[in-house]
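*Asks:* Attaching a single structure in structure tokens format; questions to follow.
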Amino acid sequence: MVEEAFLVAMKMMSRTVRGAAAVVFAAAAAMSAGAAEIVVVAHETGYTTSLAKHIHRWLGDQGVKSELTTPAGMEEAMKDSKLVFLLGFADPTGDELSKIMSAREKGTRFVVFHSASPQLAKMMGVKPLGYTEAAYPGRWSRMNFTGEFLEGCPKSVLQTSTVLQRAEPIPGKSRVLATWSDRTGRSTGDAAWIASAAGYWMTHVLLADGDEELKAQFLGAIVGSVAPRLWNAKAFRAKRVAEERALREYASRQKRRPGEIRAVWDHSGCGLHPGDWKKTICVLRDYGITDVFVNVAGAGFAHYQSDVLPRSKTFRDEGDQLKACIEAANGTGIRVHAWVICFNATRATESRLEAFEKRGWRLRTKDGKLSEYLDPSNADVRKYLLDAIDEIQEKYAVDGIHLDFVRWYERSVKPADAADTISRFVATARLHVRRPTWFTVAVLGKYPACVASVGQDWDGWVDSKIVDYVVPMDYTEDMEKYESFLAQHARRKGNAQRTIVGIGVTANESRLSPREVIDQIVLSRRYGMAGVALFDLDTSLEKRFLPILALGLFK
């Protein structure tokens, strides 16, 4: 009887949503007079806050206003709430649970992410099964949605998760809304989402690793199931069709520029389709990409067969990524650049970080704390990185060496000659990069501020011709600020032709729409830049951006 009542309630939600088809994204008007009806709570700063901001942004993309808050402010924020997203509540305190339970008693529904709390699970009608790590690469790569009780829900959403707080529904109280499948499409049998009368439970978190449009749509559907006047599927579809038509017309009016560098950064180092670089290269070729910076090396890892750098788990599980990328690109005209992270030990294991510390390589912050950054003034650190650059060229026919994090940690104590130290390293690296291999360096866009903050005098590198191209990361959503960056890059004769502008399509600092990306590319051309580099090669870039750019700019 309880299960039957639950299913009836869910079906009634759908009928209510369908009945509200005339409402077109009325969130802003509905919420302007009172407290937030949709609340996003981040339990702590850092990673959890970034996840919460993604939720907040995706809801905004759907025309749904939400309030971002912390546990300290959630009681006030939840006073009139209809739906609350909880991020980072793996083990909430008694006081936090009391506030959550009180809101639930008043009718608030919740969306709970990656929690191990038995109290929250009981409230949500879910049975926890414990923490689990992926037994093989790509085990949890797609969420496949089932049932018809959530109007407007996509059929599937891509996401690669490596850990879960596994859970299952309790008969009569909840049911599976989505299950996980691996990268081959095989179902793992693990629940991704569980729905109940209390709301929704996810066994992981929503990552900004691609399929962002569908994630935003899914969140809209969740809101619509709770508050139909804030979001409904029919209005969403009509608005999306109109926007897409206008965007395609605008994109089709753009013109291709022969000889332009059109690059992408591949942050994962595994391409769009791990295990299938050929498929990734075909996508890039078909959409007019000329260069790929593939993230295969750093002080703390190597996705290739290195005898200098520590071989990564990706190398052990997935194979030699640099070799696979080069072989796939052979004959396509796409240039492959080995992206090397220098004075930052990102992706290093704890044991490797400890080894760096024992050697005296790690920088300390101004308050004495150890960082993951390495000391550019240490001759052994510099030799270590230069040896890696030599090794890559000896073993692989790369078209370019692309250096990143060639800078001091901004929070570290720096010597008086900090900028000279970095410039000398870049000049020495130039001697190690053998022609005709390109030598490019990713840099901070805010020049000359970056000279004092991190020792990056990259304007001087261009003037002295020790780099082929600089790639300033001009990540911003503000077009005036973006143009000010371009004006700086082009202020000296010839500098623009040695500059590939980095555009933050899906960067933490900027999340652009396809139209905004078009406008930034067009503006970069006006200033005579050599080309653009798009961050980052993910599912969103593949599905949402590249097809639009290829309508005019890139093909």
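*Asks:* For the stretch 392-420, name all the residues that are farther than 17 Å from residue 442 by Cα and among the β-branched types (Val, Ile, Thr).
*Replies:* Result: 392, 398, 413.
*Asks:* Another one. Check 216, 233 and return the single one that is closer than 30 Å to residue 81 by Cα and in contact with a Gly (Cβ under 8 Å, 6 or more places away or on another chain).
*Replies:* That would be 233, the only listed residue that is closer than 30 Å to residue 81 by Cα and in contact with a Gly (Cβ under 8 Å, 6 or more places away or on another chain).
*Asks:* Here is a further query. From 147, 199, grab the single residue that is at pLDDT 95 or above and among the small types (Gly, Ala, Ser).
*Replies:* 199
*Asks:* Within the stretch 152-173, which residues are under 20 Å from the mean Cα position of the chain (by Cα) and part of a strand (DSSP E or B)?
*Replies:* 156, 157, 158, 159, 160, 161, 163, 164, listed by residue number.
*Asks:* Which of the following residues is crowded, with 16+ Cβ neighbours inside 10 Å and either in contact with a helix residue (DSSP H, G or I) (Cβ under 7 Å, 6 or more places away or on another chain) or hydrophobic (A, V, I, L, M, F, W, C) (or both): 195, 135?
*Replies:* 195
*Asks:* Can you tell me which residues in the stretch 377-388 are more than 17 Å from residue 431 (Cβ to Cβ) and touching a residue at least 24 places away in the same chain (Cβ under 8 Å)?
*Replies:* Once the filter is applied, which keeps residues that are more than 17 Å from residue 431 (Cβ to Cβ) and touching a residue at least 24 places away in the same chain (Cβ under 8 Å), the stretch 377-388 yields 377, 381.
*Asks:* What are the residue pairs meeting all of these: first residue in the stretch 312-328, first residue touching a residue at least 24 places away in the same chain (Cβ under 8 Å), second residue among the hydroxyl-bearing types (Ser, Thr, Tyr) and outside any helix (DSSP H, G or I), Cβ atoms under 7 Å, and 6 or more apart or on different chains?
*Replies:* 321/304; 322/304; 322/396; 323/304; 323/396; 326/396
*Asks:* Moving to a separate point now. Where the second residue is surrounded by 14 or more Cβ atoms within 10 Å (Cβ to Cβ) and among the hydroxyl-bearing types (Ser, Thr, Tyr) and the first is in the same structural domain as residue 495 (by TED's automatic domain parsing) and lies in the stretch 429-453, which pairs have Cβ atoms under 6 Å and are six or more apart or on separate chains?
*Replies:* Matching pairs, first to second residue: 440/469.
*Asks:* Another question, if that's okay. Is there any pair linking a residue in the stretch 74-87 that is in contact (Cβ under 8 Å) with a residue 24 or more places away in the chain to one that is of a type in the set (D, E, K, R) and in a strand (DSSP E or B), with Cβ under 9 Å and at least six apart or on different chains, and which?
*Replies:* These pairs meet every condition: 77/67; 81/67; 81/109; 82/109; 83/109; 84/109.
*Asks:* Answer with yes or no whether residue 115 is in contact (Cβ under 8 Å) with a residue 40 or more places away in the chain, more than 25 Å from the chain's Cα centre (by Cα) and within 30 Å of residue 76 (Cβ to Cβ).
*Replies:* No, not satisfied.
*Asks:* OK, next. Given (1) of a type in the set (Ser, Thr, Tyr); (2) surrounded by fewer than 19 Cβ atoms within 10 Å (Cβ to Cβ); (3) out of contact with any strand residue (DSSP E or B) (no Cβ under 7 Å at 6 or more places or on another chain), identify the lone condition not met by residue 146.
*Replies:* Result: residue 146 fails condition (3) only.
*Asks:* Could you grab me the full set of residues in the stretch 192-222 that are part of a loop (DSSP other than H, G, I, E, B) and more than 19 Å from residue 109 (Cα to Cα)?
*Replies:* The answer is 207, 208, 209, 210, 211.
*Asks:* If you check residue 251 against the conditions, is it surrounded by 23 or more Cβ atoms within 10 Å (Cβ to Cβ) and over 28 Å from residue 185 (Cβ atoms)?
*Replies:* no
*Asks:* Now for a separate question. Applying the selection to the stretch 97-137, what residues are on the phi > 0 side of the Ramachandran plot and among the small types (Gly, Ala, Ser)?
*Replies:* Across the stretch 97-137, the qualifying residues are 107, 125, 130.
*Asks:* Being modelled with pLDDT of 95 or more, aliphatic (A, V, I, L, M) and assigned to a helix (DSSP H, G or I) is the filter here, so list the residues in the stretch 27-57 that pass it.
*Replies:* Passing the criteria: 51, 52, 55.
*Asks:* Could we say that residue 184 is over 22 Å from the mean Cα position of the chain (by Cα), on the phi < 0 side of the Ramachandran plot and part of a strand (DSSP E or B) here?
*Replies:* Criteria not met by residue 184.
*Asks:* Would you mind stating whether residue 517 is crowded, with 17+ Cβ neighbours inside 10 Å, part of a strand (DSSP E or B) and out of contact with any His (no Cβ under 7 Å at 6 or more places or on another chain)?
*Replies:* Against the criterion (crowded, with 17+ Cβ neighbours inside 10 Å, part of a strand (DSSP E or B) and out of contact with any His (no Cβ under 7 Å at 6 or more places or on another chain)), residue 517 does not qualify.
*Asks:* Could you tell me which of the residues 241, 283, 223 is among the aliphatic types (A, V, I, L, M) and surrounded by 23 or more Cβ atoms within 10 Å (Cβ to Cβ)?
*Replies:* Selected residue: 223, the only one of 241, 283, 223 that is among the aliphatic types (A, V, I, L, M) and surrounded by 23 or more Cβ atoms within 10 Å (Cβ to Cβ).
The values are calculated or read from the model by the stated rules, or taken from the named source; none is laboratory data. These figures come from a predicted structure and were not determined experimentally. Counting neighbours? That spans all protein chains shown, and the Cβs are built from the backbone with ideal geometry, glycine included.
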